[in-house]
Amino acid sequence: MDGEELTEHETALYDRQIRVWGADAQRRLSKSHILVSGLKGTVVEFCKNIVLAGVGSVTLNDDRLVTEELLSANFLIPLDENVYAGKTLAELCCDSLKDFNPMVRVSVEKGALSNFGVDFFDKFDVVVVSCCSLSTKKSVNEKCRTLSKRMAFYTVDCRDNCGEIFVDLQNYIYSKKKDDETFQCHLDYPSFEKAIAVPWKSLPRRVSKLYLAMRVIEKYEELEGRVPGETSAADLVNVQKLRKELCEAHSVSESQIPDSILQRLLEGRQEFPPVCAIIGGILGQEVIKAISGKGDPLKNFFFFDAMDGKGVIEDISEQKAQG
């Protein structure tokens, strides 16, 4: 991302942004390459934000065809059925995203995310995944970590009117200003697999209930071989059994994971556009921070629940648990 300077046209186009975060940050953005897999409403909000911000390129990966459910929160899908007949979700979103900022190269990569090898990910600076299984999240994150360069990895999941973002920036160094003085900060991030392996008993008592509930739902989908999000109220009894098993294994009370939250996550197949805008906006902001190296990044989970309107950051790692 340390290529040539901004062109005159880029400087003029991104003038307002340059005034906010500086020419160097904008140059880094314009040379960055981002892979996005799983194009639900939250993710397309994120894509819109980073395309408008002026990243170098965005590669989209989602071979699904359009369904009525996907139409509910994905504003990049044209309303005319004749336009999207036979096209994948990634192809449709690609066509629409190009209109937001012609300076950004937007393309499509077909194929299952889990089948891509390590070398494939070497082309990117940031990888954002959604709508994928627990095992795929783990494997893609580990592939990114095996590369010689530092890779920013994110997962995002929005169900009903709440959502989760996970961040892995590996060994991350960034600049921070305080009292007109700039100094460097360092953060050490765990992988997704290591983060969710932290024993629940060692987590803070007031840890987000959404964190624990998401782990139960995620595990249930994996055990049942379900596509993420393809659950319903009919699964609640079996999910309650799994919750009991996991809570006993971790020596925590089942009251930490209320039925009400599990039910919402199981039934919430459709996303709410306002929640998509909030979570997609925060994700875009975090990716811009990671690329530019400016501002305090999120470490390492973020949760938002529209029921109380609160956003919560949880630092879940082995070091934090031991500390």
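The values are calculated or read from the model by the stated rules, or taken from the named source; none is laboratory data. This one's a predicted model, so the numbers in the text were calculated from it and none came from an experiment. Glycine also receives a Cβ, built like all others from the backbone with ideal geometry; neighbour counts cover every protein chain displayed. SASA here: full protein model, heavy atoms, side chains in, ligands and nucleic acids out. Shrake-Rupley method; radii C 1.70, N 1.55, O 1.52, S 1.80 Å.
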Q.
I'd like the carbon and sulfur percentage of the solvent accessible area for the chain, probe radius 1.4 Å, heavy atoms only, ligands and nucleic acids excluded.
A. 49
Q: Would you work out which of Leu76, Gln240, Thr42 lies farthest towards the positive end of the dipole of the chain? Charges go on Cβ: Lys and Arg +1, Asp and Glu -1.
A: Gln240
Q) Taking H as built 1.01 Å from N, whose amide H comes closer than 5 Å to the amide H of Lys31, not counting residues under 5 places away? A) Gly56
Q. How high is the relative contact order of the chain, in percent, counting Cα pairs under 8 Å that sit 6 or more residues apart?
A. 21
Q | Additional length obtainable on full extension of the chain from Lys149 to Asp63, 0.36 nm per residue less Cα span | A | 28.1 nm
Q. How big is D for the stretch 74-140, in µm² s⁻¹ as a whole number, if Stokes-Einstein is applied with the Kirkwood radius of its Cα pairs at 4 °C and 1.567 mPa s?
A. 92
Q. Taking a spot 7 Å from the Cα of Lys123 along the direction of its beta carbon, which residues of the stretch 67-97 have an amide N less than 16 Å from it?
A. 90-91, 94
Q) So, counting K/R as plus one and D/E as minus one, what does the shell of residues with Cβ under 15 Å around Phe153 add up to? A) +1
**Q.** Ratio of the Cα radius of gyration of the stretch 184-230 to 2.2 N^0.38 Å, where N counts its residues
**A.** 1.44
Q. How would you rank 31-39, 186-194, 114-122, highest first, on the average number of other Cβ atoms within 10 Å across their residues?
A. 31-39, 186-194, 114-122
Q) Along the stretch 113-122, what does the Karplus equation 6.51 cos²θ - 1.76 cosθ + 1.60 (θ = phi - 60°) give for ³J(HN,Hα), rounded to whole Hz, x for Gly and Pro? A) 4, 5, 8, 6, x, 4, 4, 4, 6, 5
Q | Backbone N under 14 Å from the Lys110 label point (7 Å along Cα→Cβ), restricted to the stretch 56-95 | A | 61-65, 86-92
(Q) Could you work out [θ]222 nm for the chain from helices alone, using -39500 (n - 2.57) per DSSP H run of at least four and dividing by all its residues? Round to the nearest 500 deg cm²/dmol. (A) -12500 deg cm²/dmol
Q. Using the Cα gyration tensor of the stretch 219-323, with a ≥ b ≥ c the square roots of its eigenvalues, what is the shape: rounded (a/c below 1.5), prolate (a/b larger than b/c) or oblate (neither)?
A. oblate
(Q) Filter Lys138/Lys209; Lys201/Lys289; Lys178/Lys320 down to the pairs with a C-alpha to C-alpha distance above 29 Å, please. (A) Lys201/Lys289
**Q.** Share of pairwise Cα separations in the chain, more than 28 Å, in percent
**A.** 41
(Q) With a cut-off of 8 Å between alpha carbons and a minimum separation of six or more residues, what is the relative contact order of the stretch 101-197 in percent? (A) 21
Q. Between the DSSP loop rule and a limit of at most 11 other Cβ atoms within 10 Å, which trypsin sites (Lys or Arg not before Pro) in the stretch 196-300 are left?
A. Arg205, Arg206
Q. Ignoring ligands, DNA and RNA, what accessible area per residue does the stretch 137-251 give at 1.4 Å, in Å²?
A. 49
Q: Mind grabbing the base-10 log of I(q)/I(0) for the stretch 49-181 at q = 0.11, 0.13 Å⁻¹? Debye formula, identical points on the C-alpha positions, no solvent, two decimal places.
A: -0.48, -0.67
